[in-house]
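First comes the structure, then the notes that go with it.
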Amino acid sequence: MATQLESEAHANADAFRTEVRQFLAANFPEDLKGKGNLLAGLDGPTSETAVQQRWREAVGERGWGTPTWPKEYGGGGLTRAEARIVEQEFAKVGAYNPIGGMGVLMFGPTLLEYGNEMQKRAHIPPICRGEIRWCQGYSEPNAGSDLANIQTFAADMGDHYLVNGQKTWTSGGQWADKCFALVRTDRSDKHKGISFLLIDMDAPGVEVRPITMISGTSPFCETFFTDVKVPKANLVGKEGEGWTIGKRLLQHERTNISGGGRLAGMMDQSLGDIAKTYGETDGDGALADKVLRDRIADFEIRWNSFLLTARRALEESKAQGGVSEISSVLKKLGTRLSQERSELLIVIRGLQGLGWEGDAFSESEREDVRGWLFGKASTIYGGSTEIQNNIIAKRVLGMLDHQ
Amino acid sequence: MAVLSEEQEMLRNMARNWATNESPVSEFRKVRAAGEPQAYNSAAYAMMAQMGWAGIIIPEAHGGSDFGFLSAGLVVEELGKTLTASPLLATSIAASAILLGGSDAQKAKWLPRLASGESVATLAVDEGAHHHPLAIGTIVSGGRLSGRKAFVPEAHGANLFIVAARDGLYLVDKGDGVLLATRRLTDQRSYADVAFEGAAADKLAGGGDSLLDDVLDRARLLTAAEMLGMAQALFDMTLDYLKQRVQFDQLLASFQALQHRMADLFTDLAQMRSAVEAGLQAVDAGFGVARSATVAKAEANRVLHAISNQAIQLHGGIGMTDEYNVGFYLKRARVLEASWGSSGYLRDRFAALSGY
Ligand SMILES: Cc1cc2nc3c(=O)[nH]c(=O)nc-3n(C[C@H](O)[C@H](O)[C@H](O)COP(=O)(O)OP(=O)(O)OC[C@H]3O[C@@H](n4cnc5c(N)ncnc54)[C@H](O)[C@@H]3O)c2cc1C
């Protein structure tokens, strides 16, 4: 028998569900139904249509694009349960969340934890409204896996910092308004000499050069800083705390790469169903190619247990309050499986699955080829698979360094 | 490495020098940038033919050098290392079909032209996106061939098609009744769907019932030789990179996890090389070709797949850029993996040939 508290909670949930439905009925435009949330992604220039803009503003006003963030900074102020209702109701009518990007996925949660009051008031609300795009200024030519080796220097000029150096692989750098960067404020200590600094991308002295990827697109850049003036108010935490803050952000990044909507969305259609549209089936509707059928089933079983692992980790980390080192397991697993899936799609489609251009390939066939190539990066960025293995072995399992 | 004769060693060194100096990957970049459907440099192919490479498997009587398949494989391997775009592979495969199934007159007509580079030829078997030589709908009646072939390699540069019809292989000149529709694959080479609409066809009447299978085995072997070159080049490139790149104040090559990864790939590469070379030698010996060609292409698929993925991974971000060469190998690798038999197809064929 339900307790009084439980039935109250149910009544509240029902009321909230009704509120979400009413909001959608009033605000979600039919023509955006089923459209992806491209604009809110990490890349792609801002080229919103008026309809898309209205939808973004409507969601942004409620704070429902960042549902669990505090209301006072423009978030939805919702409980997890309520956030899930928003997600469910949006999905039911084919509505996407128009608020996204690195601000939502990585920077916002980190600033909420480490930023001062002024910084939170300045930076969180525009993220919740999807107005400001952030990029990640971490990697440098000689600081990839060894991120703490960054050399970009922020010199203390009294009332401001003067930043000089080069970042690379800056995703969306050419479209971003602002950059959260790891910079060196002290050359005498590798880790304690790092600070977390917010830099305007349109400040004088910031230059970006897009890099073309093997997938044919140019979603990332080299970013050069030459005598860039940055106000001291843009330092997050204290000088020297950048490594701690920066690593926290990486945990959010990992969780999002693996558990995020992208991977889950990708799996909407089972490979088996796709294979049936490309290959023959026998009398019972089973794939005639038994070798392929076996491979697909093998993959989908492992994908299934990945989703279960991701869900379990999410529940456990919520109980413990926040992301944890299990994010390394999920990142490593999710990215490997998504790469495997792309490879399997090619096997299913044969040469039809390797098209580069031309109308003889469907749009999804072409997109999947680019996605296959772009996806090779997922085991490299956000801490490569090898680095995740090091983290698992050393921090989780307590195995020792080479002595 | 197979034990080579002095001549074979000279041939290999010549190919290696030419590929390194005259046809580095930057040449393929030019071909890609030009964006022509033919997708190779005709002048470069003329040079290759002049050096005798198009006639390696062709008898001396027909203008070739009759050096055999291992020798042809050596050259194809070296060209694979630098991703040289050329119709050498396609023409050699087509030449093997004429050799196996052609009449004296057909040989006399075509082989000298193929050996000299004057003509380019290609094999057209599959009618869908998967290798499936049993599913052929192409028919010939009254000397006229009709059917559709999918993803025919080097179709743009070819003057001659060796076409599989239900009742055998036919020579079809590019001309009336032959229509090309370009298919741009991720490797940016020449592919086209070819529609034959009552094109004049001349049957390869020799070679017996197994002609198509025998030709396909040669296609698998020469393709595997190109893949071997690609795998070797990727492996060398990656090893070099690990010995140069410093992270955590150490060379990447000093990390045991990566040492073991490379040791595993090195082992795989040894397997691939043995399988490919043994297959080529089997053709020269005229013995056990079907089985060894199946093993060779299956191993080539498996190992190149692994090495191409690891090469990107171990290069980190730089490997993801178009400016770096690794991605080109990855793209070409998948296309070749799917050509003349995917891993699944070849495993099935191996089991069938082995009687289980
Ligand atoms: C598509 C893409 C987008 C990116 N976006 C951003 C971005 O927005 N902002 C940003 O700051 N960075 C970004 N990056 C950079 C990314 O974080 C780095 O590429 C990554 O940290 C790896 O660094 P690296 O490329 O220098 O490779 P390296 O560190 O040189 O690594 C090369 C190889 O060595 C392995 N390796 C390194 N150290 C060890 C070790 N100790 N033990 C075992 N193996 C090891 C690596 O795993 C890898 O396989 C992006 C990268 C890509 C590819």
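What follows is calculated from the coordinates using simple rules that are stated; it is not laboratory data. Treat the numbers as computed from the prediction; the structure is a model and nothing was measured. In this analysis, Cβ positions are derived from the backbone assuming ideal geometry, glycine residues included, and neighbour counts consider all displayed protein chains.
Viscosity 1.567 mPa s, temperature 4 °C: Stokes-Einstein D of region B:244-294 from its Kirkwood Cα radius, in µm² per second?
On the way: Rh = 13.3 Å.
Answer from the Stokes-Einstein relation: 97 µm²/s.
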Inset, instruction - Find the Cα radius of gyration of region A:146-190, compare it with 2.2 N^0.38 Å by division, and give the number to two decimals. - result: 1.27
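Can you give the relative contact order of chain B as a percent, counting alpha carbon pairs under 8 Å and 6+ residues apart?
Details: 652 pairs, mean separation 58.4, N = 356.
Relative contact order here is 16 percent.
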Inset, instruction - Specify which residue in the list A:GLY101, A:LEU162, A:PRO70 is farthest towards the positive end of the charge dipole of chain A, using unit charges on the beta carbon of Lys, Arg (+1) and Asp, Glu (-1), about the Cα centre. - result: A:LEU162
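For Cα pairs less than 8 Å apart in space and 6+ apart in sequence, what is the mean separation divided by the residue count of region B:121-203, i.e. the relative contact order in percent? Before the final figure, lay out each step's value.
Numbers: 200 pairs, mean separation 27.6, N = 83.
So the answer I get is 33 percent.
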Legend entry - Where only C-alpha atoms are counted, convex hull volume of the protein assembly as shown per residue in Å³: 199 Å³
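Report relative contact order for region B:6-116 in percent, whole number only (criteria: Cα-Cα under 8 Å, sequence separation at least 6).
Working: 129 pairs, mean separation 37.8, N = 111.
Over region B:6-116, the number comes to 34 percent.
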Inset, instruction - Provide, in order from the shortest bin, the percent of all Cα-Cα pairs of region A:16-100 in each 5 Å bin, continuing until the bin that contains the maximum pair distance. - result: 3, 15, 26, 27, 18, 9, 2
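Please work out the ratio of the alpha-carbon Rg of chain B to 2.2 N^0.38 Å and round it to two decimals. Walk me through the intermediate numbers first.
On the way: Rg = 20.0 Å, N = 356, 2.2 N^0.38 = 20.5 Å.
In units of the globular-protein estimate, chain B measures up at 0.98.
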Inset, instruction - Using only C-alpha atoms and all pairs of different ones, pull out the Kirkwood radius for chain A in Å with one decimal. - result: 23.1 Å
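In whole Å, what three semi-axes, largest first, describe the equivalent ellipsoid of region A:260-396 built from its Cα gyration tensor (square root of 5 times each eigenvalue)? Intermediate values should be presented prior to the final figure.
Details: eigenvalues 197, 66, 31 Å².
Equivalent ellipsoid of region A:260-396: 31, 18, 12 Å, largest first.
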Inset, instruction - Read phi for every residue in region A:289-297 and hand back ³J(HN,Hα) as whole Hz from Karplus 6.51 cos²θ - 1.76 cosθ + 1.60, θ = phi - 60°, with x for Gly and Pro. - result: 7, 6, 5, 5, 4, 4, 5, 5, 5
Inset, instruction - May I have the pair-distance distribution P(r) for region A:134-240, computed from all Cα-Cα distances with 5 Å bins from 0 and rounded to whole percent? - result: 3, 14, 25, 26, 18, 9, 4, 2, 0
Legend entry - From phi via Karplus (6.51, -1.76, 1.60), per-residue ³J(HN,Hα) for region B:273-280 in Hz, x at Gly/Pro: 4, 4, 5, 5, 5, 5, x, 5
Inset, instruction - Mind jotting down the distance between the C-alpha centroids of region B:150-178 and region B:125-142, whole Å? - result: 12 Å
Legend entry - 5 Å-binned pair-distance histogram of region B:121-203 (Cα, whole percent): 3, 17, 30, 27, 15, 5, 1, 0
Inset, instruction - Kindly provide the Kirkwood hydrodynamic radius of region B:36-189 in Å, to one decimal, from all pairs of distinct alpha carbon atoms. - result: 16.0 Å
Legend entry - Relative intensity, log₁₀ I(q)/I(0), of region B:211-353 from a Debye sum that treats every alpha carbon as a point, q = 0.11, 0.20 Å⁻¹: -0.44, -1.09
Inset, instruction - For the pairs B:LYS297/B:LYS331; A:LYS276/B:LYS297; A:LYS167/A:LYS394; B:LYS149/B:LYS203; A:LYS178/A:LYS331, note any where the Cα-Cα span goes beyond 24 Å. - result: A:LYS276/B:LYS297; A:LYS167/A:LYS394; A:LYS178/A:LYS331
Legend entry - Full-stretch length increase - A:ARG370, A:ASP189 - with 0.36 nm per residue and alpha-carbon distance subtracted: 61.0 nm
Inset, instruction - Take the alpha-carbon positions of region B:6-116, form their convex hull, and give its projected area averaged over all directions (one quarter of the hull surface) in nm². - result: 6.7 nm²
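Add +1 for every Lys or Arg and -1 for every Asp or Glu among the other residues with Cβ under 12 Å from the Cβ of B:ARG261, and state the total. Show your work: numbers first, answer last.
Working: positive: none; negative: A:GLU386, B:ASP264, B:ASP268.
Around B:ARG261, the charge tally is -3.
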Legend entry - Average projection area in nm² (convex hull over Cα atoms of region B:56-132, one quarter of hull surface): 5.9 nm²
Legend entry - Under 5 Å, built H, 5+ apart or other chain: amide partners of B:ALA165: B:TYR170
Legend entry - Tensor-based shape of region A:126-168 (alpha-carbon gyration tensor, a/c under 1.5 rounded, otherwise prolate or oblate): oblate
Legend entry - Segments B:162-171, B:97-106 sorted - mean Cβ within 10 Å per residue, highest first: B:162-171, B:97-106
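Quick check on the protein assembly as shown: of the DSSP beta bridges with both residues there, what percent are antiparallel, nearest 5%? Working shown, then result.
Values: 60 of 69 bridges.
Among the beta bridges of the protein assembly as shown, antiparallel pairing accounts for roughly 85 percent.
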Legend entry - Separation of the A:GLU19 and A:ARG54 label points, Cα + 7 Å toward Cβ, nm: 2.4 nm
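Only counting other Cβ atoms within 10 Å, I'd like A:LYS167, B:LYS203 sorted with the fewest neighbours first.
Working: A:LYS167 28, B:LYS203 18.
Placing the least packed residue first, the sequence is B:LYS203, A:LYS167.
Can you give the mean number of other chain Cβ atoms that lie within 10 Å of the Cβ atoms in peptide B:105-117? Mind showing how you got there, number by number?
Values: counts 0, 0, 0, 0, 0, 0, 0, 0, 0, 0, 0, 0, 0.
Mean shielding by partner chains, rounded to a whole number: 0.
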Legend entry - Residue-by-residue Karplus 3J(HN,Hα) for region B:7-19, coefficients 6.51, -1.76, 1.60, Hz, glycine and proline x: 5, 5, 5, 4, 4, 4, 5, 4, 5, 5, 5, 5, 4
Inset, instruction - State, in angstrom, two size descriptors of region A:173-228 derived from its alpha carbons: Rg to one decimal place and Dmax to the nearest whole number. - result: 13.6, 41
